[in-house]
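Note sheet for the following structure.
The numbers here are math on the coordinates, done by the rules we state, and not lab data. Computed from a prediction, not measured in an experiment: that's the story for all the values here. Note that each Cβ is placed from the backbone with ideal geometry, even for glycine, and that neighbours are counted across all protein chains shown.
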Amino acid sequence: MIQAGKSTAGAAGRRLRYGMVGGGEGSFIGAVHRAALRLDNIAELAAGCFSRSFEKTAAAGSLLGVERDRLYENSRQMAERESSRPDPIDFVVIVTPNSTHYETAKNFLEHGIHVVCDKPLTITSSEAVELVALAEERGLQFGVTYTYSGYPAVRQIRELIRRGDIGNIRFVSGEYPQDWLAEPAERGSGNAQAQWRTDPSTSGISNCVGDIGTHLEHMISYVTGLTIRSLCARLDTMVEGRRLDDNASVMLEYAGGAKGLYWCSQIAWGHDNGLSFRIYGTKGSVSWSQETPDRYELAVTGETKRTVIRGRDRFFPGAETLVRIPAGHPEGYYEAFANIYRSYCTALLDRKSGITPSAECEYPTAVDGLNGVRFVEACVESSRGGAVWVELGQR
Ligand SMILES: NC(=O)c1ccc[n+]([C@@H]2O[C@H](COP(=O)([O-])OP(=O)(O)OC[C@H]3O[C@@H](n4cnc5c(N)ncnc54)[C@H](O)[C@@H]3O)[C@@H](O)[C@H]2O)c1
């Protein structure tokens, strides 16, 4: 499920204030979130608990210009103290390892603070169900940063599929190969990202499917609107001694009868961040690749196969609003992130002004996060059972 928001600035007459949990020195994605939020100047960083060590939080906070009294020892303290200030943060951004998402998000929701959390939402679906219910009960906005759905070309593809341009979907092929874990990068002390991702206590029951398979699952669900009915998965651990999967092959059946095949891998030499999909319908096909996000290939029966280019070729209105600069000037990861944040923040500003957010722009929600966690659990269950078919409940 995607929530709608307006693409214009809200009527609250001020920038939003946000806090961040995680994203300290040497981390990866926190800095990307901060940069994306700066692109539209719609929210300012006002508080933080950037690390488990207060010394590191203080160092990061000073570099980022956060006032000293808004730097916190832990996220619990941050939720308590922020919610009792006259000028609290409007929302929190959670960019810590997977196992901490649930407690942290729950804490902020219980203190009435809106949440953005990175994927995978939680490490068990029961935790995710609880967060969805809590956000709904409290009337709080919950975004999950499935980054890649923020690209204009992805939005365009979703619209053309909705219009029926390629007919009814018969088959989907999705892949997400990387090579950064082709060797045991988690051994030794240098690579924190590899260490926690391959450790079940911080990553959850899966590494590869949880880390990048969830992006694939969300992307396909977003562009096609298909719901997974059942799947059959084989998870492999190719690097000796590694405790979790680093390669996964999944066959899928969707409600309505379409079929799919996903492959995600972190041991695929030569691939950096190769998220891509090909979707085949009764009238045509469409394909897209994350490493060339401005363009997609469209083949429709009776027409010449063509490459459609962001900025050069006119997109449908919803997708066109995400285009920031003219053709030939590449847009990428930061802009995709910023598009998600622009929607999230605009919807939040509207909500604060008593305006019902409109259907013009969108961001992935906690329900999308829950579906991702259910996908991970089904893949692990199937693989542990010897690659058996497993039914999947989605909301
Ligand atoms: N959307 C995307 O494209 C994308 C990309 C990368 C990572 N992610 C997700 O973002 C999350 C973080 O990944 P990363 O690669 O940036 O990890 P990282 O290891 O680079 O950074 C984690 C940060 O969290 C801090 N931290 C850990 N526990 C904490 C706690 N209890 N309180 C406060 N700070 C704490 C660490 O000190 C570090 O600064 C993960 O859930 C990951 O799956 C999403």
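Counting residues in the stretch 148-291 as N, plug N into 2.2 N^0.38 Å and put the Cα Rg over that result.
So the stretch 148-291 has a normalised radius of gyration of 1.12.
Where does the chain land at 222 nm, in deg cm²/dmol rounded to the nearest 500, when only DSSP H runs of n ≥ 4 count, each adding -39500 (n - 2.57), divided by all residues?
Rounded to the nearest 500, it is -10000 deg cm²/dmol.
Taking only pairs that are 8 or more places apart or on different chains, how many Lys pairs in the chain have Cα atoms under 19 angstrom apart?
So the count of such lysine pairs works out to 4.
Please list 289-295, 152-158 highest first by mean number of surrounding beta-carbon atoms within 10 Å per residue.
Values: 289-295: 17.3, 152-158: 24.3.
Highest-to-lowest ranking by the protection proxy: 152-158, 289-295.
Rounded to whole Å and ordered largest first, report the semi-axes of the equivalent ellipsoid of the stretch 289-395 derived from its Cα gyration tensor (root of 5λ).
Each semi-axis is the square root of five times an eigenvalue, giving 31, 26, 13 Å.
If you find the alpha carbon centre of the stretch 189-204 and of the stretch 80-153, how far apart are they in angstrom?
After rounding, the separation between the Cα centres reads 22 Å.
Where does each of 212-218, 354-360 land if you order them by average Cβ count within 10 Å, highest first? Can you show the working numbers first?
Values: 212-218: 25.7, 354-360: 13.6.
Top to bottom by mean Cβ count within 10 Å: 212-218, 354-360.
In a Debye calculation with equal point scatterers on the alpha-carbon sites of the stretch 1-140 and no solvent, what is log10 I(q)/I(0) at q = 0.12 Å⁻¹?
Calculated log10 I(q)/I(0) at the listed q: -0.46.
Apply the Karplus curve 6.51 cos²θ - 1.76 cosθ + 1.60, θ = phi - 60°, to the phi angles in the stretch 319-331 and return the couplings in whole Hz, x for Gly and Pro.
6, 5, 5, 8, 6, 9, 9, x, 3, x, 9, x, 9
Tell me which DSSP H helices of the chain clear both cut-offs, 24 Å or more of axial length from alpha-carbon atoms and a mean Kyte-Doolittle hydropathy of at least -0.5.
Going by DSSP H runs, the hits are 333-352, 366-384.
Using all C-alpha to C-alpha distances in the stretch 27-90, build P(r) with 10 Å bins and read off the rounded percent in each one.
21, 53, 26, 0
Along the Cα→Cβ direction, 7 angstrom out, place labels at L261 and L39. What is the inter-label distance in nm?
Those two pseudo-labels are separated by 3.4 nm.
What is the ratio of the Cα radius of gyration of the stretch 108-206 to 2.2 N^0.38 Å, with N the residue count, to two decimals?
Working it through for the stretch 108-206, the quotient is 1.47.
Kirkwood Rh over Cα pairs of the chain into Stokes-Einstein at 4 °C, 1.567 mPa s: D in µm²/s?
60
Please sort 52-58, 142-148 by packing, taking for each peptide the average over its residues of neighbouring beta carbons within 10 angstrom, highest first.
Result, highest mean Cβ count within 10 Å first: 142-148, 52-58.
Between R170 and R187, what is the spin-label point distance in nm, taking each point 7 Å from the Cα along the Cα→C-beta axis?
In this crude spin-label approximation the distance works out to 4.8 nm.
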